[in-house]
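Colleague: This is the structure I have questions about; it appears just below.
The values are calculated or read from the model by the stated rules, or taken from the named source; none is laboratory data. Since the structure is predicted, the reported quantities are computational estimates derived from the model, not experimental observations. Heavy atoms of the whole protein, side chains included, go into the accessibility calculation; ligands, DNA and RNA do not. Shrake-Rupley method; radii C 1.70, N 1.55, O 1.52, S 1.80 Å.
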Amino acid sequence: NIPPASLRATDKIHRDIEDYLRQLDLFYDRRKNHHKNERKPLEKIIGISLMAQSIMSIILQKPDSARARPSSLLKDNTRYSQIFSENYPIKVYGACASLVKMVDSELRQDGSMDTRERNNLKFYIAMYTSSMLTKCAKPSVEQISKISIEDSTKKTISEAKEIVKTLYYKLGGDDQIAKGPLLTDLLKKRLAKEFEPRQAR
């Protein structure tokens, strides 16, 4: 079987993303392990599947779908066109990739978390961080595309991590919670409570 990512890799949008990410010193793995074989740093490589999960989590605010059904994001044409849209500014792919990579780096430095926990929480933390950085419960594509990844972003990620972790463990802290809708719904309600009154003013 040919992986879904390989079937999509020649689409124009992926070539455009690859060219743009190179400007950010990131390497888009349209061809699996291509950049790894070139000995590029693993922390700077992002594959098509991970990019799809990043967009699903941050722009569409569905980290549960990103965690539970990563392959379906590329198989389903409707879902695919929502994620890899020619209408999105190319900068949004750089912002999402950079944010998820920074979240992943922060989680790897947390000695209290194993690989399963990192995978379960990564996309939720990325979603929550994007809202904190834009001060918006449901940031627009334009707002997300303007997110600047700086050293201070680490502090925001750390704050988001504690909020997400606390709720995740309160709900049971297992794969079922990470792959179901409850954690997403509760985090969105918390974001709405925190940011929507400000937006109204």
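Colleague: If you average the sequence gap of Cα pairs under 8 Å that are 6 or more apart and divide by the length of the chain, what percent do you get for the contact order?
Modeller: Working: 243 pairs, mean separation 42.2, N = 201.
Normalised by residue count, the contact order of the chain is 21 percent.
Colleague: Leaving ligands and nucleic acids out of the surface, order Lys135, Lys170 by accessible area at 1.4 Å, largest first. Kindly include the intermediate steps, with their values, before the conclusion.
Modeller: On the way: Lys135 120, Lys170 170 Å².
Putting Lys135, Lys170 in descending order of accessible area: Lys170, Lys135.
Colleague: Here is a further query. Among (i) 26, 19, 17; (ii) 39, 25, 15; (iii) 39, 16, 14, only one was calculated for this model; which label is it, if the read-out is semi-axes √(5λ) of the Cα gyration tensor in Å?
Modeller: Label of the calculated value: (i).
Colleague: Name the residues whose placed amide hydrogens come within less than 5 Å of the amide hydrogen of Phe27, ignoring near sequence neighbours (fewer than 5 apart) on the same chain.
Modeller: Answer set, sorted by chain and number: Ile45, Ile46.
Colleague: Tabulate in residue order the Karplus-calculated ³J(HN,Hα) for the stretch 150-164, using 6.51 cos²θ - 1.76 cosθ + 1.60 with θ = phi - 60°, rounded to whole Hz; enter x for Gly and Pro.
Modeller: 10, 4, 5, 4, 4, 5, 5, 4, 4, 5, 5, 4, 5, 5, 5
Colleague: While we're here: When the Karplus curve 6.51 cos²θ - 1.76 cosθ + 1.60 is applied with θ = phi - 60°, which whole-Hz ³J(HN,Hα) does each residue of the stretch 70-80 get, with x for Gly and Pro?
Modeller: With the stated coefficients, the stretch 70-80 comes to x, 6, 5, 5, 9, 7, 7, 4, 5, 5, 4 Hz.
Colleague: Which distance in Å, rounded to a whole number, links the C-alpha centroids of the stretch 74-120 and the stretch 123-201?
Modeller: 13 Å
Colleague: Relative to the longest principal axis of the C-alpha atoms of the chain, give the angle of the C-alpha long axis of helix 12-23, reported between 0 and 90° and rounded to the nearest 10°.
Modeller: 70 degrees
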